[in-house]
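Okay, structure first, notes after.
Read the figures in this text as sums done on the coordinates, not as results from a lab. These numbers were taken from a predicted model, which means no experiment stands behind them. All Cβ positions, even for glycine, are placed from backbone atoms using ideal geometry, and neighbour counts span all protein chains on display.
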């Protein structure tokens, strides 16, 4: 006679393929659109980086001058790639953890197209000279309400699923996902209204913009990446999260610290002096939730070195967690008074942003995609080689970019301290580092061309049929499946 646990397990085995089928088109749309925008962002990043050490590069192309290319690069990276990758991860993870099918996939798909058209219009406006000039908010002021309304429609179903979830337990991944869902419209709306619809002082506008960039990283991109890591590490290794209490502590520490960061960029400006100090202290304290999450995830996968080596999902997850740990360390190094005076007006801030968006969030998002896509397409990834190239080129590229931009930025900042030297001397100090950044972006572009091609083949359902996940080694003794019965799930989906 079957026990209650057996009955629940069989019910879950039947429900998971239904959830995946209901989300197949919205999730694949967001993932594929994000990957395409990432390729555009990388091309623009290469152009902008090249112009820092070779200003004559494409000098006769007016719409690709440095200011336009750099602004389009960052906005495409944030809204084209980052937000859409997060949308796909959020709606799939929340549906799975809540054990609820998606009831409005058509609406999500339609609004997803609206989001993409708004991003496309914004990018064209920037390259045409119609940008606002506010970092990360360069899209024309008419675009942000469209993005906000689209976001509400995309996320509404996930909030309802969480409210109506099965059972009383809330997983730690759901804590982070719900936090990200709520924090994004607060941060996004507040910054846009205060900057574009109130006649405030330009100095305070700069402060609000600095707050916006920092909180968008710490209260949206980081939580989504951490939520994916907390789901994937136990799922693939078959072990529970090392410490649930530690996981909760990390969440509440991030929630308490995140809203106070950003203003340190205005140290010395004519604003209340406690604001930069509070911002610097909060960014330094971000080290606490970063270390908490890193220790918890690494303890969860401890003893499964062969699984980490074989599973693409775990490789990218661990890389993203090390990126999070590096982000916490850089938050300390760059925001103490001794470091802030060298990083405040240099390219070191750009390195910190790339470390957050690509080194932490993107690596965790790639991990989630390698796990999610086979389940919603009912196919397995075609090429182990493509996955390996994607991982190694991405890891090498982002590590080199961070080292070059932060190292070059500190050199540039040190040169700025010599008040009796020409400002051009400070700019030339980072030329060699600029070459390293440009070459590294080329590596990452090469990696993501393979990823986009791989993803398109999967959406076309040309992946191989298999009863086991894609592994980077053909012979592997450990089962890379978690306690929720993924082997049975894949067999049922591919039957």
Q | Options 154, 126, 91, 108; residue that is under 24 Å from residue 208 (Cα atoms), touching a residue at least 24 places away in the same chain (Cβ under 8 Å), in a helix (DSSP H, G or I) and in contact with a helix residue (DSSP H, G or I) (Cβ under 6 Å, 6 or more places away or on another chain) | A | 126
Q: Give me the pairs, please: first residue somewhere in the range 265-289 and part of a loop (DSSP other than H, G, I, E, B), second residue anywhere and surrounded by fewer than 16 Cβ atoms within 10 Å (Cβ to Cβ), beta-carbon distance under 7 Å, and either six or more positions apart or on two chains.
A: 269/203; 270/203; 271/203
Q) If you go through the range 113-123 one residue at a time, how many are in contact (Cβ under 8 Å) with a residue 40 or more places away in the chain and crowded, with 23+ Cβ neighbours inside 10 Å? A) 3
(Q) I'd like the full set of residues that are more than 23 Å from the chain's Cα centre (by Cα) and assigned to a loop (DSSP other than H, G, I, E, B), limited to the range 290-312. (A) 302, 303, 304
Q. Residue 345 passes all but one of (1) part of a helix (DSSP H, G or I); (2) surrounded by fewer than 21 Cβ atoms within 10 Å (Cβ to Cβ); which number fails?
A. (1)
Q. Scanning for something under 15 Å from the mean Cα position of the chain (by Cα) and crowded, with 22+ Cβ neighbours inside 10 Å, does the range 39-48 turn up at least one residue?
A. yes
